[in-house]
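Where a number appears in this text, it was derived from the coordinates with a stated rule and is not lab data. It should be emphasised that the depicted structure is a prediction, and the values quoted were computed from it without experimental measurement. A quick note on method: Cβ atoms are made from the backbone with ideal geometry, for glycine too, and the neighbour counts reach across all protein chains shown.
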Amino acid sequence: MDYDYLTGVFAKTPGLISDKLKAVLEHVWSFLKNEGQSKGIIFTYDEAQNLSDHADKDQYPLSVLLDVFQSIQKKNIPFMLLLTGLPTLFPKLVDARTFAERMFHVVTLGRLTDEESKKAIRKPVKSAPISFTEESVDLIIKTAKGYPYFIQFICRETYDVFIQHHSETGSSSSVPMPSILAKLDADFFDGRWSRATDRQRELLRVISVLDNCKEEFSVLEVAEKSKEVSEKPFSSSHVNQMLASLIKVGLIYKNRFGRYSFAVPLMGEFICRQYTTGLSI
């Protein structure tokens, strides 16, 4: 049951790619079931919000994935598909195949509490030669705001600096947060920011200065705030159209209640760092 063998099963099966994949998976399960070696298989896919169909290129990987696993589910084969990603993931699944809403059980992972964040910072370095001071831990928690990825990113960068400083001076160091944030912006945010047009960036800037930009906001709130901070305010209809465009490029997320959020955590803080001349646009 190695790769070459399964590739052979795939190649010999007639029909569409989805038919071939179904045949391979069904063949694998028939073998495992007869051998009594498995209760099932879990297929995991991280950053799954990046899965997309491309009709212009006649490529439909997301639709194929959903079609294949829907067929597997109907045949009661114990294969589980586990997808994780940003909040834009589930709407994208439903847009690709409406039946996706019935295929998945959705679990929303919220932010870590301060106590959980503290454990996430301290536990990995418990046996390491360098530890974080209370002041450093508090600063990391304040900056990461409970998002595990940012805790991981900031801690790794901080630890590398601590190790280097300790080897050179034999003493501890403080968290170089400005340089870490600059690296985070370059590595994580800049690519996403580049997807927006100049006018879309103006709208995102307006959103970033909303008091509730870290949670949820409405079209009306954005339009009203633009009258305060923008030289060229946005009408509600214009905001609605632009938010729809920003959803398509993965920067904004619309929930079931008609309210919107940044699709990327801490995007508001990143946008504010791009503008250092006050609120006026």
In sequence order, calculated HN-Hα J values of the stretch 189-202 (Karplus, 6.51, -1.76, 1.60; Hz; x Gly/Pro): 8, 4, x, 6, 4, 5, 6, 8, 6, 4, 5, 5, 5, 4
Counting DSSP beta bridges with both partners in the chain, what percentage is antiparallel, nearest 5? 50
Mean Cβ count within 10 Å, highest first, over the residues of peptides 49-56, 199-206: 199-206, 49-56
Using Cα extents along the principal axes in Å as the read-out, say which of (i) 49, 44, 38; (ii) 64, 58, 31; (iii) 89, 51, 39 was calculated from these coordinates. (ii)
Using 5 Å bins from zero, what percent of all Cα-Cα pairs in the stretch 3-103 falls into each bin? 2, 12, 20, 22, 21, 14, 7, 2, 0
Could you name the aspartates and glutamates whose alpha carbon sits less than 20 Å from that of residue 20, not counting residues in the same chain fewer than 8 places away? 2, 4, 53, 58, 67
Evaluate the Debye formula for the stretch 114-191 with equal point scatterers sitting on the alpha carbons, no solvent, and hand back log10 of I(q)/I(0) at q = 0.14, 0.23 Å⁻¹, in q order, two decimals. -0.43, -1.10
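Provide the net charge surrounding residue 266, with neighbours chosen by a C-beta distance below 9 Å and charges set as Lys +1, Arg +1, Asp -1, Glu -1.
Value of the local net charge: +1.
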Lys and Arg at +1, Asp and Glu at -1: add these up for the other residues within a Cβ distance under 15 Å of residue 111 and post the number. -1
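Please compute the net charge surrounding residue 25, taking Lys and Arg as +1 and Asp and Glu as -1 over other residues with Cβ under 13 Å from its Cβ.
With Lys, Arg at +1 and Asp, Glu at -1, the net is +2.
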Set of aspartates and glutamates near residue 183 by C-alpha distance (under 19 Å), chain-local residues within fewer than 8 positions excluded: 157, 160, 269
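When only DSSP loop residues count, what chymotrypsin sites (Phe, Trp or Tyr not before Pro) in the stretch 38-146 have their Cβ near at most 15 other Cβ atoms within 10 Å? Before the final figure, lay out the partial values.
On the way: sites: 43, 45, 69, 79, 99, 104, 132; in loops: 99, 104, 132.
When the chymotrypsin sites (Phe, Trp or Tyr not before Pro) of the stretch 38-146 are filtered for loop state and at most 15 Cβ neighbours within 10 Å, 99 remain.
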